[in-house]
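Where a number appears in this text, it was derived from the coordinates with a stated rule and is not lab data. As the structure is a computational prediction, the values presented were derived from the model and not from experiment. Cβ coordinates were reconstructed from backbone atoms using ideal geometry, including for glycine residues, and neighbour counts include every protein chain displayed.
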């Protein structure tokens, strides 16, 4: 993650990951989730925090989820106990109704189905409709790694945040993609990106730590790219997000195209229809798509992993340009950060810890965050 999004040292409170997991689980249970779903949802958020993807961890997302659970189904809230069911299925594919359940515990179940199908037939693909936010996509893709499979995750839908190239109105969410590919001795390749210039959740993270927007990250209220460094506007209606590339001259049609592909696989293929065409009463509804690909359907697993090791180590050992310390590949910094945070604790902003203290008192909970 870019340095600007990290919590300044003077604002950090280091918390043991296990105690934060238990606190998060207790909050989810209070929201009405089963113990198993609360545990799974907490693990998804904590994996994000441990890997340094704080934009999708408890800091940014848990307060949002609590508000949406409290809203209730009639007010477009999240359903804590969804009736997860398969609506269409073949030996290698499935379409699942998420029943407005939180994607943190709905999507891992979809990936488990994709993995089961891949185990039998070499590949499994599962679409999910009527679901909610899935957190860090990499978690779901990485589920395939231990099965010697390649994992893919995409998500799209409502709410809208991004314009198409040359567009003056929002047509997409950030529509991220994530691939996870196993290796042998090297940390796995895990590529998790939004199709916007910067992930949407990082904007609120930037706001908290006082970071500015880079040129061509956002538009003004009329859709014109903002080509200077600015503060994020306070009013959400005063800006929109740009596809990666920012402007057509810098390749924004590529980010736009990838966003459109995610819309096809997640929303249209699952039967929801494109996010911007959904009725107004579907705010927060999302479609998802996961795929698991069995490596030995193509090549011996040992050879594949050895070749991946050679490939990844070759990337990491590329001589760096003057002024840079090293070359990394997707997944390597996150793997290294996980080891550091497991040992030293996760650096949360003190305002996040204040939120936990407040919600503990408000909901009469008993968790205890352990400071490192």
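Numbers for the structure displayed
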item	result
Relative intensity, log₁₀ I(q)/I(0), of the stretch 20-66 from a Debye sum that treats every alpha carbon as a point, q = 0.19, 0.23, 0.31 Å⁻¹	-0.49, -0.71, -1.15
Estimated Rh, the stretch 1-129: Kirkwood, alpha-carbon pairs, angstrom	16.2 Å
Beta bridge orientation in the chain: antiparallel %, DSSP, nearest 5	85 percent
Residue 18-residue 83 pseudo-label distance in nm [points 7 Å out on the Cα-to-Cβ vector]	4.0 nm
Packing-based exposure ordering (other Cβ within 10 Å, fewest first) of 308, 154, 372	372, 308, 154
Per residue, the convex hull volume that the Cα atoms of the stretch 72-221 enclose (Å³)	161 Å³
Helical contribution to [θ] at 222 nm, DSSP H n ≥ 4, -39,500 (n - 2.57), averaged over the chain, rounded to 500	-11500 deg cm²/dmol
Residues 129, 56, 288, sorted so that the one with the fewest Cβ neighbours within 10 Å comes first	129, 56, 288
Relative contact order, percent, the stretch 159-309 [alpha-carbon distance under 8 Å, six or more residues apart]	25 percent
Contact order normalised by residue count of the chain, Cα under 8 Å, 6+ apart, percent	23 percent
Per-selection Rg to Rh, the chain - Cα, Kirkwood hydrodynamic radius	0.95
Among 344-354, 198-208, 294-304, 173-183, the order from most to least packed when residues are scored by Cβ within 10 Å on average	173-183, 198-208, 344-354, 294-304
The stretch 285-372 - percent relative contact order, Cα under 8 Å, separation 6 or more	14 percent
Proportion of all alpha-carbon pairs of the stretch 144-303 beyond 27 Å (%)	33 percent
Spread of Cα-to-Cα distances over 10 Å intervals beginning at zero, given as percent, for the stretch 173-257	17, 43, 26, 11, 3
Largest to smallest principal axis extent of the C-alpha atoms in the stretch 240-326, angstrom	50, 41, 21
At 0.890 mPa s and 25 °C, Stokes D of the stretch 50-101 from Kirkwood alpha-carbon radius, µm² per second	186 µm²/s
For the stretch 297-372: span of alpha carbons on each principal axis (Å, largest first)	54, 42, 18
For 363, 332, order by how many other beta-carbon atoms lie within 10 Å, fewest first	363, 332
